[in-house]
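Take a look at the structure set out below.
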Amino acid sequence: MYITQVLHRQIQRAANDCAVVDGDSRLTWADLGDRVQRFAGAVRALGVEPGDRIGILARNGAHFVEYVLGTVWAGAVINPVNLRWTVDEIAWSLADCDTRILLIASEFAPLLPELRAKAPCLKHVLAIENHSSDGLVPRSEWFGIANPLEDALRRDRDLAAILYTGGTTGRPKGVMLSHANIVCSAMGTLTQPGCRPQATFLHSAPLFHIGGLSGLMIALFAGSTCVFVPGFEPLAVLEAIAAHQVTDLFLVPTMLRVTIDHPHFARFDTSSVQGIRYGAAPIDDSLLDRAIAAFPHAAFSQAYGMTELSPTCCLLGPEDHSADARIDGRGRSAGRATSVCEVRIVNAEDEELPRGQVGEIVVRGPTVMQGYWNRPDDTAHALRGGWMHTGDLGRMDDAGYVTVVDRLKDMIITGAENVYSSEVENVISTHASVGAVAVIGLPDERWGERVHAMIVLRPGMQADATSIAAHCRTALAGYKMPRSFEFADSLPLSGAGKVLKASLRQARI
């Protein structure tokens, strides 16, 4: 299995079809193939050897596809950089895996002196644009004169990517994913209902994150046209949908919320959208109801997983978003294991639990990472017994549907009772005035921890702690009730759109 297989196949069968749309620029599969081969030739001319790491510090665009496919075509390994990190974090991730070449957009050029000082492993810094500032080699120089290179044909267990996790506790860990990991994950998704070949897929989620990168891989292997916007911005998403008749998109719930809440949403023709895949964070019932109403022609599906799983292990298909399925409770689950994964629920001794009992979600299969870069102890702990231990708490029903109830670290223990923050969040989110909510545990002298709710109200709506508490009492047991409330204009989000609960807790302890 090799990632570049998709390019060989598409050039053979649809060379003149549109592969990439980036603003006013369009590339056919033949055009993309030429760029990928020349990219590979350029980096090999700079001394890149098979297995070497190449980074990129840039927003979404055609250059990102060229980078991903060109790097692996050269036999090298991608290390896409999180744009929301500090300079110190970026430099650390580059140095940690000895990244030799960095592609960079001119907007990030001011970071270069500090990056060079803190990551002396960098031998070449290449501009993605034809113009450049001091210290950058312009594209016209490193790419314009490059000769095409034959595919190195790295495959199967050969390393393809090092993707650094968010680093919410300590330094980020470099997740090592092979060609087989990434291809199997894409194939596992494409075999599920709701995936269409030759779609028009909008990429607005950041491609440095596994969610966005996975969407790119799925679209490429499906032979889809890939439409890019530089980054997520609701107006840009709506404009792209209308302009390019986008059929499919991936959005995390926070992105979905602000898109349908945009004041000009109704002005845009979004009727072309046939498929919306969401993931990376739980979605509440209220938001899902509004999204289904906003995109009445779309089939919704949910992907659950993590970077270490390349990333998907469970899928909740369109049929499980029906009214009957949601009444039965399937709609609140993360779905069932994909065709390439095994999933279990285990106790602290790694013994499989009976159906319906809550334990840790563990996964086995060809999508499980090779390990953490230079972290043998962390790797052994995460992969003990041959299963990837996700750190998520969940339960499985008799039909194999997995419901994620919380992160192990996010579970609140109050008065010796376990409270799952996602359950409380789901209840609060159904209040008509609530736009977003995060529930965390804070230290409490009497109860050990107390349930604390952080709430962002919908634009133009009003509510207070008394009304939210009254709403909660209709659906929550007393020990699950928030004992304190806080209202804010926004919640801190990671680059992947996840609420940074660790930051919320730390700021309030």
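The values are calculated or read from the model by the stated rules, or taken from the named source; none is laboratory data. Everything quoted here is computed from the prediction, not taken from an experiment. Positions of Cβ are backbone-derived with ideal geometry, glycine not excepted, and every protein chain shown enters the neighbour counts.
Restricting attention to the range 443-462, the residues that are part of a loop (DSSP other than H, G, I, E, B) and over 16 Å from Asp284 (Cβ atoms) add up to 6. What are the residues in the range 484-501 that are closer than 24 Å to Arg446 by Cβ and either in contact (Cβ under 8 Å) with a residue 40 or more places away in the chain or in the same structural domain as Leu83 (by TED's automatic domain parsing) (or both), if any? Passing the criteria: Ser484, Lys501. When the range 5-56 is filtered for residues that are more than 20 Å from Thr200 (Cα to Cα), outside any helix (DSSP H, G or I) and acidic (Asp, Glu), the ones remaining, listed by number, are Glu49, Asp52.
Of the residues making up the range 321-330, none is hydroxyl-bearing (Ser, Thr, Tyr) and either touching a helix residue (DSSP H, G or I) at 6+ places or on another chain (Cβ under 6 Å) or at positive phi (or both). The residue list Leu122, Leu111 contains one member that is farther than 15 Å from Ile54 by Cβ, touching a residue at least 12 places away in the same chain (Cβ under 8 Å), surrounded by 15 or more Cβ atoms within 10 Å (Cβ to Cβ) and within 29 Å of the chain's Cα centre (by Cα), which is Leu111. Of the residues making up the range 12-52, those that are within 16 Å of Cys226 (Cα to Cα) and surrounded by fewer than 19 Cβ atoms within 10 Å (Cβ to Cβ) number 12. Return yes when Ala58 is among the aliphatic types (A, V, I, L, M), surrounded by 22 or more Cβ atoms within 10 Å (Cβ to Cβ) and in contact (Cβ under 8 Å) with a residue 40 or more places away in the chain and no when it is not. Here the answer is yes, as Ala58 does meet what is asked.
Matching residues to (1) buried (at least 18 other Cβ atoms within 10 Å of the Cβ); (2) among the β-branched types (Val, Ile, Thr); (3) within 18 Å of Arg332 (Cα to Cα):
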residue: Val343; (1), (2), (3): yes, yes, yes
residue: Val368; (1), (2), (3): yes, yes, no
residue: Ala380; (1), (2), (3): no, no, no
residue: Arg407; (1), (2), (3): no, no, yes
residue: His431; (1), (2), (3): yes, no, yes
residue: Val434; (1), (2), (3): yes, yes, no
residue: Ala438; (1), (2), (3): yes, no, yes
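Taking the criterion of being within 27 Å of the chain's Cα centre (by Cα) and not charged (D, E, K, R), would at least one residue in the range 146-153 satisfy it? Checking the range 146-153: at least one residue is within 27 Å of the chain's Cα centre (by Cα) and not charged (D, E, K, R).
Please determine, by comparing only the residues of the range 412-421 that are small (Gly, Ala, Ser) and surrounded by fewer than 20 Cβ atoms within 10 Å (Cβ to Cβ), which one is nearest to Thr474 (Cα to Cα). Out of the qualifying residues, it is Gly415. Applying the selection to the range 460-506, what residues are more than 30 Å from Asn60 (Cα to Cα) and of a type in the set (S, T, N, Q)? Selection gives Gln462, Thr466, Ser467, Thr474, Ser484, Gln506. Elements of the type strands (runs of 3 or more DSSP E) sitting completely within the range 324-433 and holding at least 3 residues that are over 25 Å from the mean Cα position of the chain (by Cα) and modelled with pLDDT under 90: these cover 412-414, 417-419.
The rows are residues; the columns are (1) buried (at least 16 other Cβ atoms within 10 Å of the Cβ); (2) within 15 Å of Asn426 (Cα to Cα); (3) small (Gly, Ala, Ser).
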| residue | (1), (2), (3) |
| --- | --- |
| Leu457 | yes, yes, no |
| Met461 | no, no, no |
| Asp464 | no, no, no |
| Ala475 | no, yes, yes |
| Val499 | yes, yes, no |
| Arg508 | no, no, no |
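Looking across the range 404-433, not a single residue is among the β-branched types (Val, Ile, Thr), without any contact (Cβ under 8 Å) to a residue 40 or more places away in the chain and over 15 Å from His452 (Cβ atoms).
Selection of the range 463-493 for residues being hydrophobic (A, V, I, L, M, F, W, C) and not in a loop (DSSP other than H, G, I, E, B) yields Ala465, Ile468, Ala469, Ala470, Cys472, Phe485, Phe487, Leu493.
Taking Leu103 as the residue in question, decide whether it is out of contact with any Pro (no Cβ under 6 Å at 6 or more places or on another chain), in a helix (DSSP H, G or I) and surrounded by 15 or more Cβ atoms within 10 Å (Cβ to Cβ). So Leu103 does not fit the description; no.
Of everything in the range 273-297 that is of a type in the set (Gly, Ala, Ser) and over 14 Å from the mean Cα position of the chain (by Cα), the residue that is farthest from His209 (Cα to Cα) is Ala293. Among the residues making up the range 70-84, those that are outside any loop (DSSP other than H, G, I, E, B) and of a type in the set (A, V, I, L, M, F, W, C) are Val72, Trp73, Val77, Ile78.
Residue count for the range 75-94 under the criterion of being under 25 Å from Ala219 (Cα atoms) and touching a strand residue (DSSP E or B) at 6+ places or on another chain (Cβ under 8 Å): the result is 8.
When Gly135, Gly188, Gly174 are checked against the criterion of being surrounded by fewer than 20 Cβ atoms within 10 Å (Cβ to Cβ) and either of a type outside the set (Ser, Thr, Tyr) or at pLDDT below 95 (or both), a single residue qualifies: Gly135. As a summary of the residue check, Asp98 satisfies the conditions (1) under 29 Å from Ile218 (Cα atoms); (2) not in a loop (DSSP other than H, G, I, E, B) except for the one numbered (2). Looking across the range 112-123, just one residue is closer than 20 Å to Phe64 by Cα and modelled with pLDDT of 95 or more, and that is Leu122.
Here Val21 fulfils each of the conditions (1) at pLDDT 95 or above; (2) assigned by TED's automatic domain parsing to the domain that holds Leu112 apart from (2).
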